[in-house]
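**Student:** Below you will find the structure I want to go over with you.
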Amino acid sequence: MVKDATYKKICNDAIKLIKPSKEEEIKNKKFSELLLKIANEKLKQFNARAMICGSVAKNTNLKGKYETDLFMIFHPSLQKDKLTKFGIEIGKEIVEELRGKWEIAYAEHPYLNARIFFENTVFDVDIVPCYDVPANKIKSAVDRTPHHVKYVIRNLKNPDEARLLKAFMKSAECYGADVKTKGFSGYLCELLIIKYGSFLNCIKNVANWKFGGIILSIEKTEKIKFEKSPLIFIDPVDKNRNVAAAVSSEKLFKFICTARDFLFSPSVNFFLPRKKIPYSVIDLMRTLRARGSRIFVIKFKRPEIIDDILYPQMLKCSNRIAKILEENNFKTILNEIFIDKENCLLLFELENWRVSKIERHYGPSIYDKHAEGFLNRYKEWKIKIKNDKWCVEKLRDFKRVEELFNWLIKLDKEKLLEIGIPAGIVDSFTNSFLYYDNKFFELAKEYSEEFRIFLREIFEEDLNIIV
């Protein structure tokens, strides 16, 4: 059994590697103060004020991360369209005064993302307009953020413990509440430390989390019904919000498994980026031979839409195609998506890829008075009765799965929309390419290392928490 002293030594060693240096802290402070000064000058005319948010404000930022969130807090009487207009205009003025570059990004409403060069360092800055309202009376989701920052500053006793958890999460690839990661936000990590008091105590509790949904809170609260979620953490600044709503079941159990691994065999490597080993084509061939399955990939150009729209639409598309395959008696073992800067890939692993020419389709009971419609529809085929039900034996539309995939990628936009391909990606989908067998292996060989890492992860992941 590992002693607590061993864990604490490893955590102390990790802090030295992940905590910003004094020089970084001074630089972050000077930059934040400069941003605030410029922003507040420009916000005076609107009777508004600026506030630094994010991990820098809470002193939980990690080494080498020069990221700052500047919130511009307006009076709630300001109309929403003007909030956006003034926020973007002032944001541009701030960035231009600091000779930075900006682009408009989108969440619930537009905000500015900027890159500003300061003291030989590039800072990544989000400039976000919001309303000055109580946390339980928000007008937009970002209105809670200043309240979150204040809560953490008041209640987080040792920020280094939160740094440890964030670094641990990043190493386990569970950090980030974006639509791609579906993991733990920085605020959720900070709340876990506030609840459990330390990183080690948090990990020990996480290792004992059980099935059936986990409900956490810092303060005693009334029972509130939330949408079904694998993890619920009641927001201490808004009791009707689940801070962990973005956490997927996969990332939750990955966190639990990694916590158990750390307790069993602690190492500073749990706080550092993990070396990822891509599949070689030979390894990939061996894996698929051992699985006795085939892979089919549909590839098309990435549409020019933001991640918050693209990822859900790709998932919807993948699930819809898997359903079409199932409807035609082709069983999928898995269906996954892969997205990079250039392309979108839909990957399907098939359990079977050939079916008989004939299929039996069952209709209504022979006692059903409305069976005539079924008999009329299939009158050109041989009608039979099985277990007191009308049934018809008819030719299948697709006998080989390749036929179905080739039919699918040749459909026009109108037909694709009709069968359920999402509108945001349908234009790109009309110019799809299909890869399987040797062409798939060629794609894996010639495509990015990131893709081959992705393939290894989907085939070798193990989230069993029973030990």
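**Student:** Being within 19 Å of A141 (Cβ to Cβ) and surrounded by fewer than 18 Cβ atoms within 10 Å (Cβ to Cβ) is the filter here; which residues of segment 31-78 pass it?
**Tutor:** H75, P76, listed by residue number.
**Student:** Just checking, does segment 438-453 include any residue being surrounded by fewer than 16 Cβ atoms within 10 Å (Cβ to Cβ), modelled with pLDDT of 95 or more and outside any helix (DSSP H, G or I)?
**Tutor:** no
**Student:** Sticking with this one: Exactly one of (1) closer than 22 Å to V152 by Cβ; (2) crowded, with 18+ Cβ neighbours inside 10 Å; (3) of a type outside the set (D, E) is unmet by A245. Its number?
**Tutor:** Result: A245 passes all but (2).
**Student:** Here's something else I'd like to know. Between a first residue in segment 5-22 that is exposed (fewer than 13 other Cβ atoms within 10 Å of the Cβ) and a second residue that is assigned to a loop (DSSP other than H, G, I, E, B), which pairs have beta carbons less than 8 Å apart while being 6 or more apart in sequence or on different chains?
**Tutor:** T6/P266; L17/K63; L17/L272; S21/K63
**Student:** Being in a strand (DSSP E or B) and either under 27 Å from the mean Cα position of the chain (by Cα) or surrounded by 16 or more Cβ atoms within 10 Å (Cβ to Cβ) (or both), is that true of even one residue in segment 145-161?
**Tutor:** Scanning segment 145-161, I find no residue that is in a strand (DSSP E or B) and either under 27 Å from the mean Cα position of the chain (by Cα) or surrounded by 16 or more Cβ atoms within 10 Å (Cβ to Cβ) (or both), so the answer is no.
**Student:** Of the conditions (1) at negative phi; (2) within 36 Å of the chain's Cα centre (by Cα); (3) not small (G, A, S), D437 satisfies every one except a single condition; which number is it?
**Tutor:** It is condition (1) that D437 fails.
**Student:** Being more than 23 Å from Y106 (Cα to Cα) and β-branched (V, I, T) is the filter here, so list the residues in segment 308-335 that pass it.
**Tutor:** I321, I324, T332, I333, listed by residue number.
**Student:** Being under 30 Å from S77 (Cα atoms), without any contact (Cβ under 8 Å) to a residue 24 or more places away in the chain, charged (D, E, K, R) and touching a strand residue (DSSP E or B) at 6+ places or on another chain (Cβ under 8 Å), is that true of even one residue in segment 141-163?
**Tutor:** yes
**Student:** Look at F253 and say whether it is in the same structural domain as A172 (by TED's automatic domain parsing) and in contact with a Leu (Cβ under 6 Å, 6 or more places away or on another chain).
**Tutor:** When the stated conditions are applied, F253 passes them.
**Student:** Taking segment 68-112 on its own, how many of its residues are modelled with pLDDT under 95, under 23 Å from Y175 (Cβ atoms) and either part of a strand (DSSP E or B) or not assigned by TED's automatic domain parsing to the domain that holds I127 (or both)?
**Tutor:** Selection size over segment 68-112: 3.
**Student:** Taking the condition in a helix (DSSP H, G or I), in the same structural domain as E326 (by TED's automatic domain parsing) and surrounded by 13 or more Cβ atoms within 10 Å (Cβ to Cβ), does I425 pass?
**Tutor:** Considered against the rule, which asks whether it is in a helix (DSSP H, G or I), in the same structural domain as E326 (by TED's automatic domain parsing) and surrounded by 13 or more Cβ atoms within 10 Å (Cβ to Cβ), I425 comes out as yes.
**Student:** Hey, any hits in segment 263-275 for a residue that's assigned to a helix (DSSP H, G or I) and within 26 Å of E342 (Cβ to Cβ)?
**Tutor:** no
The values are calculated or read from the model by the stated rules, or taken from the named source; none is laboratory data. Values in this document were obtained by computation on a predicted structure and should not be read as measured data. Here Cβ is always computed from backbone atoms with ideal geometry, including for glycine, and neighbour counts include all displayed protein chains.
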